[in-house]
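Notes follow the structure.
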Amino acid sequence: MEVGYIKYFLKVFLPLLDRKKDRAAIRFMYRHTAFFRIHKGKTLFKPNSSVANNSIIIVADGLVNGYLVNEEAGQANIWLGTKGSVYIPNGFKQADGNFNLFAIKDTIVFLIDQTELEDGCEWYPVLDSLFNTYLLQTAISDVNNRNILFRLQNTENRISLFKRIYPGLFDQIPTDLLLSYLDIDLSLTPKQNLQINSVYNKDILTNF
């Protein structure tokens, strides 16, 4: 299993770091990266776990839904993680809920402790560049895409943008999850929602 994780690790980081010049930095990253395989239909963390709250999450392969669970507010879906996606759950307060990952497909994820990475950035300046030019920028892009999606007033525009942001996912993710990311009234049944959307987008019914 570890050999498989090494391959995923190298596929992600070798294009970003020099194999010879940055060898010590690569070793540091590998030692401080936790690897997890999440099988389809399973979650990564136990209920009420706060493990993710200080971690940088990278999807090496697969597809996950990231969500917050709050006893009062319930579940809030906040991130679709595809291959190459990065999520940095900074600033979560206990009241916000605990972050977890649900595997829509079999998925490999990396978790990097932010405190340990900060230490590594002091020892290896290339890691500081890696964080700011790749990890942080990718995470910001993921969040911005979702924020733009939610700001759109028209359902047809949301569907169109969703398909551009997440190519191929429209047909792959569960209906109730898709509706939550399109910010469509979840008090309606999925069938009712699809009927409403078909007014705007004639092919939506054929995609399920």
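Quick notes on this structure:
- Selection count where residues are surrounded by fewer than 12 Cβ atoms within 10 Å (Cβ to Cβ) and part of a helix (DSSP H, G or I), scope segment 8-23: 1
- Selection from segment 17-69 of residues that are under 19 Å from L136 (Cα atoms), touching a residue at least 60 places away in the same chain (Cβ under 8 Å) and hydroxyl-bearing (S, T, Y): T33
- Screening segment 24-62 for residues that are of a type in the set (D, E, K, R) and assigned to a helix (DSSP H, G or I) and picking the one that is farthest from W79 (Cα to Cα) gives R27.
- A count restricted to segment 114-162 and to residues that are open to solvent by 30 Å² or more (accessible area, probe 1.4 Å), under 13 Å from V86 (Cα atoms) and among the aliphatic types (A, V, I, L, M) stands at 3.
- For the residues L186, L117, L111, the requirement of being at pLDDT 90 or above and not in a helix (DSSP H, G or I) singles out L111.
The values are calculated or read from the model by the stated rules, or taken from the named source; none is laboratory data. Keep in mind it's a predicted model, so treat the numbers as computed, not measured. Positions of Cβ are generated from backbone atoms using ideal geometry, with glycine treated the same way; all protein chains shown enter the neighbour counts. Protein only, heavy atoms only, side chains kept; ligands, DNA and RNA dropped before computing areas. Shrake-Rupley method; radii C 1.70, N 1.55, O 1.52, S 1.80 Å.
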